[in-house]
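The values are calculated or read from the model by the stated rules, or taken from the named source; none is laboratory data. Just so you know, these numbers come straight off a predicted model, no measurement behind them. As a convention, Cβ positions derive from the backbone with ideal geometry for all residues, glycine included, and neighbour counts pool all protein chains shown. The area values use the complete protein model at the heavy-atom level, side chains included, leaving out ligands, DNA and RNA. Shrake-Rupley method; radii C 1.70, N 1.55, O 1.52, S 1.80 Å.
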Amino acid sequence: MAVIGARMCSPYGRMQAFRYAKALSVAGVQIISGMALGIDSEGHKGALEGRCLHLRCLEVVLMYAIRNLTETYERILWENGGIISECPLGSGPVSWHFPARNRIISALSDAVLVVEAKENSGSLITAGFALEQGKMVYAIPGGSDR
């Protein structure tokens, strides 16, 4: 399942992305995301936290920029995860990279969970690709404090 959403998200959105990804990971579901700040990163953290020892889940990440090489990125590499990108390592965040990345995220997923996406965002582009591909799309809107 892809867990995607806003970079500039609320604490509520962060918590929901983490909780859903953790629960899905415990159930053996692979988590796919774009390694962006915000919801993507929280989804990865939840997936890493929820991984049971008897489950050898693969986590697929589509990296868009080397600047987000964080502890989470390192954990994904060392804890049975994987990194996939069409761009060479170190490629900067160029606007035309994002639609290609989003298409791959939706193609690799059986379903997409969108958390706090903004209007006209890359998350909604990914959701659109998923719908075109016949995938289920779920949404968690922003909390009442937004």
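To the nearest 10 square angstrom, what accessible area does M8 show with a 1.4 Å probe?
140
Given the whole protein assembly as supplied and a 1.4 Å probe, what does the accessible area of L108 come to in Å², nearest 10?
Answer for L108: close to 80 Å² accessible.
Based on the Cβ-Cβ distance of I83 and N120, what FRET efficiency does E = 1/(1 + (r/R0)^6) give at R0 = 30 Å, to the nearest 0.05?
0.60
Work out, step by step, the length gained on full extension between E49 and R7: first 0.36 nm times the residue separation, then minus their alpha carbon distance; give nm to one decimal.
Here the segment from E49 to R7 would lengthen by 13.1 nm.
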